[in-house]
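For reference, the structure is listed below as structure tokens.
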Amino acid sequence: MPGSSKKMAQARLPLVAFFGALSLFFATLEYLFPTPPWFRLGLANLPILLALDFFTFPELLLLLLLKVIGQGIVNGTLASQAFLLSSSGSLASFVVMYMAFRLIPRGWISLIGLSLAGSMASNTVQVGLSMVLIFGPASGIIAPWFLGLGTLSGLGIGWGAETLKRHSRWLRRVKLGQSS
Amino acid sequence: MAKARNSKHPDRLDALLHPTPRFLWGLALLGVLVLAPRWETRAAVMLFGGVLATLAGKRISFSYFLLLAGTVVVFHALAPFGKVLIMLGNFPLTEGALLGGWKNGLTMAGLVFVSLGTISRQLHLPGRFGKLWALTFSWYEQLMESKSRVHPGAILLSIDRILEQHYPTRPGSSPVWTQEQRSPHEPTKASGWALVILSTLAAVTLAVALR
Amino acid sequence: MKPFDIVFLLLSLVLTAGSAWAALAPTNAPLRLEVQTDGGLYTYPLDTDQEIKAVGPLGTTLVHVEGRAVHVEVSPCANKVCLAMGTIRQGGQWLACLPNHVFVRISGGSAEASIDAGVF
């Protein structure tokens, strides 16, 4: 029936909102993992990775928007260059992750690979924008550091997401609840 | 640069200003910051931004500003432009590159400070997305209250428990997601409007005068 | 790890290594424009189109940079020899307006020494 699919979509909005809140919450847990200054682990991406296989594309976009704007408001950086960099990075990361998720057969890639792909895209875009807008052309020297650290964090986040996916009973119940 | 926890460092501007005019005020100051031709104007806005950020309860440090502006200046200096001030071996240190870097560094620091001072956590977003954001933020605050129950030693289990508490999924339970209605924020006080109008006028006047 | 996990890991490492090579590989010094006037030595990147005003005792000599080529557009000198010198493009080539104490040179390309202090 035409009306019921809209109702179902509406009923899932709170779940999207909760994943958005998770994204912001996980970002604050980054202090538990030591990293050099200037570099963020990207734990906020974990909920997006987890949601890839059971949120629809519009829901994922909404989640992305909540994550990006939410971080800007919660951290107070909404009106600064940090927001521009992180939102561009997040968008690039999402596009690449979603494309990889849809194009590559399920058994051939895990959340680790998706996370690595997203991390590459995000860091490339952020380094590029930093060079153009902030540091100037001579700052290409920061690229290998960011891309290298990004590879490590991509591995870490991907591994963390896989672990949660396999062992989180809460997540399992959420997925079951959504499919019934 | 550490961000403030509300209990220790209250947002003093919150009592004076409604989040929406506060946000628009921020955008106006940012406009001056980005468009002002002279570095002196940008420095003034940046310093004012620092004051605002401190009043908003954010802890900002001089060393953060030095690091940010310093890195920007150094990278710009690596692309020489304009009058050669001194030759460092075979490399020209130029006035144009240093000035460009200094201006850019001031702008970057200013953007961060003004943003920290004028973006309130209570910022209300319009429309249906705004409602969704309000729900998200409400859950975020609840999750943050449980943060101390995240045990690094048993991180998966502790997180799972927290998630179940705030978004119950066990059979027979359902998430309580109608968040408590917040009382609407107080409107901007007269002193708040005075601050907004005077500071914006001052910034614009300075930018025009120092053209 | 699954096959494409490894693919993306390798891609990531290649990208990192590639950016390191691009950033650190020794390259020839990029071509730069040096303008010497009574007011001092000025340097500009050659790959940016721009108009440079070189101020001397007679007035302003306008140096035009476009498409990595340089010529004198306007000069206040009487004989306009500097305009007749045409366009320069390569490292080591130069233009001069002696009456206005303006000397323009392209440096770089193959580790050339910078301009010595000019004496007019």
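The values are calculated or read from the model by the stated rules, or taken from the named source; none is laboratory data. Please read these numbers as outputs of a predicted model, since none were measured by experiment. Cβ coordinates were reconstructed from backbone atoms using ideal geometry, including for glycine residues, and neighbour counts include every protein chain displayed.
Structure above, values below:
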| read-out | value |
| --- | --- |
| Inter-residue pairs, beta-carbon under 7 Å, first at negative phi and surrounded by 24 or more Cβ atoms within 10 Å (Cβ to Cβ) and in segment B:21-37, second modelled with pLDDT of 95 or more and of a type in the set (Lys, Arg), 6+ apart | B:33/B:42; B:36/B:42 |
| Candidates B:96, B:49 - the one that is closer than 15 Å to residue C:41 by Cβ and assigned to a helix (DSSP H, G or I) | B:96 |
| Count - residues of segment B:99-117 that are within 19 Å of the chain's Cα centre (by Cα) and either part of a strand (DSSP E or B) or within 11 Å of chain A (Cβ to nearest Cβ) (or both) | 13 |
| Within segment B:159-190, tally of residues that are at pLDDT 90 or above, buried (at least 16 other Cβ atoms within 10 Å of the Cβ) and of a type in the set (S, T, N, Q) | 1 |
| So residue B:68, is it at pLDDT below 95, within 14 Å of the chain's Cα centre (by Cα) and within 12 Å of chain A (Cβ to nearest Cβ) | no |
| Among the candidates A:76, A:128, residue that is away from chain C (no Cβ under 14 Å), without any contact (Cβ under 8 Å) to a residue 24 or more places away in the chain and of a type outside the set (Phe, Trp, Tyr) | A:76 |
| Whichever residue in segment A:79-91 is among the aliphatic types (A, V, I, L, M) and either facing another protein chain (nearest Cβ under 7 Å) or in contact with a strand residue (DSSP E or B) (Cβ under 7 Å, 6 or more places away or on another chain) (or both) and, among such residues, is farthest from residue B:117 (Cα to Cα) | A:82 |
| Pair list, Cβ under 9 Å, 6 or more apart: segment A:131-146 residue at the interface with chain B (Cβ under 7 Å from one of its Cβ atoms) and under 22 Å from residue B:110 (Cβ atoms), other residue surrounded by 21 or more Cβ atoms within 10 Å (Cβ to Cβ) and of a type in the set (Phe, Trp, Tyr) | A:134/B:75; A:135/B:75; A:136/B:75; A:139/B:75 |
| The one condition in (1) touching a residue at least 60 places away in the same chain (Cβ under 8 Å); (2) at positive phi that residue C:86 fails to fulfil | (1) |
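This table checks each residue for (1) in a loop (DSSP other than H, G, I, E, B); (2) at pLDDT below 95.
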| residue | (1), (2) |
| --- | --- |
| C:7 | no, no |
| C:14 | no, no |
| C:27 | yes, yes |
| C:44 | no, yes |
| C:55 | no, yes |
